[in-house]
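**Student:** A single structure is presented below for examination.
The values are calculated or read from the model by the stated rules, or taken from the named source; none is laboratory data. A quick note: this is a predicted structure, and the numbers were derived from the prediction, not measured. A quick note on method: Cβ atoms are made from the backbone with ideal geometry, for glycine too, and the neighbour counts reach across all protein chains shown.
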């Protein structure tokens, strides 16, 4: 799929860049400088929706002729939002909480095109089932440093976190941070005039 306008990813996530590249998008990366602090009483779904929209609109305001993609992912278990761990101890605590049970991964995406005054967004949710993790497995994985830049302290696509996932119900790419099918349908339904097939 090719676009008639420049396409910008408003995220520094290497996984989102990898996914967009893998399906043939040409794009530039302009990370959005936004406050990602949780709002009290905010749900995981409303948080990823708000942050995806905020990232897309902030970058779109400075690149009005471009189509801007914002995205945000959170892990939720027992109603608690697990963001990116701030320490090895926090990463270990998150993985212990996820061990042997299922949790939700929510990814919000937003597309903004300032010149045509358009903004569209959605949230996709996938259920992930974790195997039981031993203390040794958790400690070795956290010591690798891999969990530190990932919501919930794991990556479904990396060399360690992939071993922990027993199964999923929903879209694999949502867990990676960018639901490609939903992005595709949103582009076609709301920004079809900007697409060259």
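**Student:** In this structure, is residue 85 touching a helix residue (DSSP H, G or I) at 6+ places or on another chain (Cβ under 8 Å), surrounded by fewer than 16 Cβ atoms within 10 Å (Cβ to Cβ) and touching a residue at least 24 places away in the same chain (Cβ under 8 Å)?
**Tutor:** In short, no.
**Student:** Residues that are over 15 Å from the mean Cα position of the chain (by Cα), touching a residue at least 12 places away in the same chain (Cβ under 8 Å) and closer than 23 Å to residue 182 by Cα: does region 120-138 have at least one?
**Tutor:** There is at least one residue in region 120-138 that is over 15 Å from the mean Cα position of the chain (by Cα), touching a residue at least 12 places away in the same chain (Cβ under 8 Å) and closer than 23 Å to residue 182 by Cα.
**Student:** Working only within region 128-164, note down all residues that are in contact with a strand residue (DSSP E or B) (Cβ under 9 Å, 6 or more places away or on another chain) and surrounded by fewer than 18 Cβ atoms within 10 Å (Cβ to Cβ).
**Tutor:** The answer is 129, 131.
**Student:** I need the full set of residues from region 166-189 which are more than 14 Å from residue 106 (Cα to Cα), surrounded by fewer than 18 Cβ atoms within 10 Å (Cβ to Cβ) and over 15 Å from the mean Cα position of the chain (by Cα), in order please.
**Tutor:** Within region 166-189, 166, 167, 184, 185, 188, 189 qualify.
**Student:** On the given criteria, is residue 91 touching a helix residue (DSSP H, G or I) at 6+ places or on another chain (Cβ under 8 Å), buried (at least 18 other Cβ atoms within 10 Å of the Cβ) and in a helix (DSSP H, G or I)?
**Tutor:** For residue 91, the condition - touching a helix residue (DSSP H, G or I) at 6+ places or on another chain (Cβ under 8 Å), buried (at least 18 other Cβ atoms within 10 Å of the Cβ) and in a helix (DSSP H, G or I) - is met.
**Student:** Taking the residues in region 1-40 that are part of a strand (DSSP E or B) and modelled with pLDDT of 90 or more as candidates, determine which candidate is surrounded by the most Cβ atoms within 10 Å (Cβ to Cβ).
**Tutor:** So the residue we want is 9.
**Student:** Also, quick follow-up: What number of residues in region 94-110 are in contact with a helix residue (DSSP H, G or I) (Cβ under 6 Å, 6 or more places away or on another chain) and closer than 30 Å to residue 7 by Cβ?
**Tutor:** Applying the first criterion (in contact with a helix residue (DSSP H, G or I) (Cβ under 6 Å, 6 or more places away or on another chain)) to region 94-110 yields 94-95, 105-110.
Next, from what is left, pick out any that are closer than 30 Å to residue 7 by Cβ: 105-110.
The total comes to 6.
**Student:** Here's another thing I want to ask about it. For residues in region 63-80 being modelled with pLDDT under 95 and over 24 Å from residue 17 (Cβ atoms), which is surrounded by the most Cβ atoms within 10 Å (Cβ to Cβ)?
**Tutor:** So the residue we want is 80.
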